[in-house]
Amino acid sequence: MRFVGCYIDKKKRDLPVMAGSGSMSIPKCYRLCRAKRYAYFGVQYSKECWCGNSYGKYGKRSKSECRMKCSGKKSTFCGSSWRNSIYTTGLPARRRPRVSRLLPLSRCSQHSIAARGKCRRAIDGNTNQNYGKKSCTHTRTATGAWWQARTSRRARITSVRIYNRRDCCANRLRNFVIKVDGRVCASYRSSRAFSVRTFRCNAVGRTVRIQTRNRVPLTLCEVQVFGRYAKGRSRSRTPGMRFVGCYIDKKKRDLPVMAGSGSMSIPKCYRLCRAKRYAYFGVQYSKECWCGNSYGKYGKRSKSECRMKCSGKKSTFCGSSWRNSIYTTGLPARRRPRVSRLPLSRCSQHSVGWNGKCSRAIDGNTNQNYGKKSCTHTRTATGAWWQARTSRRARITSVRIYNRRDCCANRLRNFVIKVDGRVCASYRSSRAFSVRTFRCNAVGRTVRIQTRNRVPLTLCEVQVFGRYVGRTPKPSR
């Protein structure tokens, strides 16, 4: 059993089979759906259990929208109204979930240009909504002003996400249509402006156009198109290539093989690494190409940290200093990236101050304001500690800590992280952090965070990543 996420449900159900209702808990719904041989189950509205072999057709939401307490076990959460908390049963799905992906756009054009707001600003990956940051398009004032761009090939476009301008003039974008290959798939008309909104589309084609129905300039800060490519042979010169993310690199390289350096572009690095039969490639520092069959051992960063222009194609980005923009080549990896989050339980701590119980650091709530009852708190002491356990012995690769932000963040600046009593990571700095991931690489069960100065220890959330060691036990009944 593994938690997948919080997903929207509608009358035409995302998980089609109701297995039970009434006094409900997560283990009970797991048993009901597994007995029916389904791959996924969802608990909804505190008391309902739903089963299916696919999920996600109405989209994903934040975990905070699935926090209605289970009718059969008040200490856990069972979705909410029209929200499923979805889990795996461990059985294979009869068919894979139809999960839409972000489709890259190119060959943009627009009705006209004003205030230097070129069309490519809406597809440059920069979602800043302030026009002064050169991140938004702008046409002249006109009825029917439009902007458009194309996918690399014919696709079933399931949704379109629009980032509106926020520094001013957001109300201009309140009467428009979205078209795919000339046919309207979505529209918007309201007296209220929006900041970011996703429109359901469900149309097949290549050219996505956004067109106003009133007399205004059209300004778009980013347009993202989601869907899947239509069946048929790919005409792309880079089949199988998909952006994974921006990842940290170090002297002991994340991707170990350098394939080239100098005048570099993303397609060139793709060809170099695919020719060597590697599953992943990364472009770094504008000009370097690296290959490998796994990635991510030093952690992921925001895309904004991988924005150094490619030396061979200035319109695209090739990582940065010690940052890899990582892509797939479409070839199978010899081994999968080892990234998984391990649930924690059986927590304890040095002492309790201000009602800050240890369980608050493993309740899934990453709110960093103490007043929201989401953070632990001990009494003031040298060596104050907090600890929790994984369900069984594991190789713990990293530990992520969410620090308090409403005040007192500088208390957490001199501490160690231990696994089964052995130090695997430490932190000592004059600067406080908000959220930080610490590389650990230790084997054990008990994870302890312990201060080295005289302060109260406060943790808003602790997340442990790694993989279990040894045989998987059967789920308890």
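A compact table of results
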| item | result |
| --- | --- |
| Candidates per chymotrypsin sites (Phe, Trp or Tyr not before Pro) in the stretch 292-378, loop by DSSP, up to 16 other Cβ within 10 Å | TRP322, TRP354 |
| Coarse-grained scattering of the stretch 391-456 at q = 0.23, 0.26, 0.28 Å⁻¹, given as base-10 log I(q)/I(0) from a Debye sum over alpha-carbon atoms | -0.98, -1.15, -1.25 |
| Rh by Kirkwood over Cα pairs, then Stokes-Einstein D for the stretch 287-377 at 0.692 mPa s and 37 °C, µm²/s | 190 µm²/s |
| Matching label, P(r) over Cα pairs in 10 Å bins from 0, in percent computed from the structure shown, candidates (i) 4, 20, 30, 28, 15, 2, 0; (ii) 4, 16, 22, 27, 22, 8, 1; (iii) 4, 17, 26, 25, 15, 7, 4, 2, 1, 0 | (ii) |
| The stretch 340-468, Rg to Rh (Cα coordinates; Rh as Kirkwood inverse mean 1/r) | 0.93 |
| Cross-link table LYS60/LYS133; LYS133/LYS372; LYS250/LYS303; LYS357/LYS418; LYS74/LYS357; LYS303/LYS357, entries beyond 27 Å C-alpha to C-alpha | LYS60/LYS133; LYS133/LYS372; LYS303/LYS357 |
| Whole-Å semi-axes of the stretch 177-262's equivalent ellipsoid (Cα gyration tensor) | 37, 20, 12 |
| q = 0.13, 0.22, 0.23 Å⁻¹, the stretch 242-328: log10 I(q)/I(0) [Debye, one scatterer per Cα] | -0.31, -0.94, -1.04 |
| Whole-Hz ³J(HN,Hα) from phi, Karplus 6.51 cos²θ - 1.76 cosθ + 1.60, for the stretch 303-317, glycine and proline x | 4, 5, 8, 10, 10, 8, 5, 5, 5, x, 7, 5, 7, 10, 10 |
| Order of LEU331, LEU32 under a 10 Å beta carbon neighbour criterion, fewest first | LEU331, LEU32 |
| For LYS250, LYS118, order by how many other beta-carbon atoms lie within 10 Å, fewest first | LYS250, LYS118 |
| Over the stretch 114-231: Rg over Rh, Cα atoms, Kirkwood Rh | 0.95 |
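Bear in mind these aren't lab numbers, they're just calculated from the coordinates by the rules spelled out. This is a predicted model, so every value here is computed, not measured. Cβ atoms come from the backbone with ideal geometry, glycine included; neighbour counts cover every protein chain shown.
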